[in-house]
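Step one of this worksheet: look at the structure below.
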Amino acid sequence: MEIKKISVIGGGTMGNGIAHIFAMKGFSVNLVEMNSDLLDKAFSTISNNLERQVKKELISQSEKKEILNRITRIIRVENTPVDSDLVIEAIYENKEAKQKIFGALEGIIKKDSIFASNTSSISITELSANCRAENFIGMHFMNPVPVMKLVEIIRGYSTSDATFNTIKELSKKLEKTPVEVYDYPGFISNRILMPMINEAIFALFENVASAEDIDTVMKLGMNHPMGPLTLADFIGLDVCLSIMEVLYKGFNDSKYRPCPLLKKMVAANKLGRKSGEGFFKYE
Ligand SMILES: NC(=O)c1ccc[n+]([C@@H]2O[C@H](COP(=O)([O-])OP(=O)(O)OC[C@H]3O[C@@H](n4cnc5c(N)ncnc54)[C@H](O)[C@@H]3O)[C@@H](O)[C@H]2O)c1
């Protein structure tokens, strides 16, 4: 099946990046938000990010205009065009809310199209329980989407080979590198990244070293571009906690227990960059 028309549900951090990259590669994109203010905000973020690419001479002003013209703004999920070949859901990380979106889309979108979720940690098999499970897949882009090369493609229990191959080829058209992953908690990316971040928080909690020194060890010693605590602040400590809870519950294994300091900081609303303070302070 050839994918031409993409609908992206949610125009937040990930959704506007996903719409940006598809439109840039020539696809026709519908960007779906809850109201016109959120839609305008998402659209102006895409426009500003494209302007940055113009300034770096990666695209021309006229290309920027063409890319924006490929994006149609849609208010409310119920108005998602029936002829979408692929719908990518990128709303906030909540299983019930995502299932509700897919339940609504199941009654609207043509039956042979593919549904994908950009979830970081929720089971693809559970999200597809009440809709086209064979045509359902995880398409986990990384932040910022236009820059990051990886797409983790997650096969749910019933995902067909045809669906997987279509999404793999599509990811290559976006000049991304797809990897095939089966549906277990945290997939690969967060199953490995989050316990590392959690362990760095335990090291801080146990006074093994300061936050700065923990990050310095991982940057200079392991050649990581960013220390684990700086990365946790960037991702958001609430997001880190919720992913650790998914791993802990999903595997029933104490090795994934979230560090008490992480829980306490989330309770104190010290969420990292977005709240102005996490392991480090931000202006
Ligand atoms: N932020 C990251 O670094 C990152 C990386 C990879 C994956 N993810 C995953 O991507 C998804 C989105 O994350 P985000 O950081 O972009 O969240 P976000 O909060 O920035 O954006 C979510 C957007 O969805 C919109 N939305 C909510 N309900 C909606 C509805 N019913 N209809 C239409 N729009 C709706 C909101 O208005 C908001 O703009 C999550 O599942 C998250 O786990 C996030």
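The values are calculated or read from the model by the stated rules, or taken from the named source; none is laboratory data. Computed from a prediction, not measured in an experiment: that's the story for all the values here. Note that each Cβ is placed from the backbone with ideal geometry, even for glycine, and that neighbours are counted across all protein chains shown. Heads up: the accessible areas ignore ligands, DNA and RNA and are worked out on the full protein's heavy atoms, side chains in. Shrake-Rupley method; radii C 1.70, N 1.55, O 1.52, S 1.80 Å.
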* What is region 126-283's relative contact order, in percent, from Cα pairs under 8 angstrom and six or more apart in sequence? -> 16
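Kindly rank 64-73, 21-30 from highest to lowest mean number of other beta carbons found within 10 Å of each residue.
Numbers: 64-73: 16.0, 21-30: 19.9.
The densest-packed peptide leads the list: 21-30, 64-73.
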* **Neighbour-limited loop hits for chymotrypsin sites (Phe, Trp or Tyr not before Pro), region 73-145 (at most 12 other Cβ within 10 Å; DSSP other than H, G, I, E, B)** => TYR92
* Can you list the lysines whose alpha carbon sits under 25 Å from that of LYS173, skipping same-chain ones fewer than 8 residues off? -> LYS4, LYS5, LYS25, LYS55, LYS56, LYS64, LYS65, LYS110, LYS111, LYS149
* Asked: How much of the accessible area of region 142-240, in percent, comes from carbon and sulfur atoms when a 1.4 Å probe is used?
  -> 60
* Any aspartates and glutamates with Cα under 19 Å of the LYS264 Cα? List them, leaving off those in the same chain fewer than 8 positions away. => GLU199, GLU206, ASP233, ASP238, GLU245, GLU277
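Taking only DSSP H segments of four or more residues, each worth -39500 (n - 2.57), what value at 222 nm results for the chain once the sum is divided by all its residues, to the nearest 500 deg cm²/dmol? Mind showing how you got there, number by number?
On the way: 11 runs with 124 residues, N = 283.
Roughly -13500 deg cm²/dmol at 222 nm, from the helical runs in the chain.
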* Structure fact -> Heavy-atom accessible area per residue of the chain, all protein chains kept, 1.4 Å probe, expressed in Å², is 50
* To do: Compute the separation of the alpha-carbon centres of region 1-30 and region 119-192 and state it in Å as a whole number.
  => 15
* Jot down the radius of gyration and Dmax of region 42-125, Cα atoms only, both in angstrom. => 16.0, 44
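What translational D, rounded to a whole number of µm²/s, comes out for region 190-274 from Stokes-Einstein when the hydrodynamic radius is the Kirkwood one over Cα pairs, at 4 °C and 1.567 mPa s?
101
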* **Whole-number D in µm²/s for region 5-182 (Stokes-Einstein; Kirkwood sum over Cα pairs; 37 °C, 0.692 mPa s)** => 204
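Give me the net charge for the shell around ASP161: Cβ to Cβ below 14 angstrom, other residues only, Lys and Arg +1, Asp and Glu -1. Write down the numbers at each step before the final one.
Values: positive: ARG155, LYS168; negative: GLU134, GLU169, GLU180.
After counting each charged neighbour, the total is -1.
In the neighborhood of LYS95, defined by Cβ-to-Cβ distances under 13 Å, what is the net charge if each Lys or Arg adds +1 and each Asp or Glu adds -1?
Working: positive: LYS98, LYS100, LYS249; negative: GLU89, GLU93, GLU96, GLU126, GLU245.
Summing Lys/Arg as +1 and Asp/Glu as -1 gives -2.
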* In terms of modelled amide H atoms, which long-range or inter-chain residues lie less than 5 Å from the amide H of VAL151? -> THR177, VAL179
* Report the relative contact order of region 5-182, percent, no decimals, based on alpha-carbon pairs under 8 angstrom and at least 6 residues apart. => 21
* To do: Please work out how much accessible surface TYR184 shows to a 1.4 Å probe, ignoring ligands, DNA and RNA, in Å² rounded to 10.
  => 140
* Structure fact -> Straight-line reach check, LYS100, cutoff 19 Å on alpha carbons, 8 or more apart in-chain or any other chain, hits among aspartates and glutamates -> GLU33, GLU78, GLU89, GLU126, GLU134
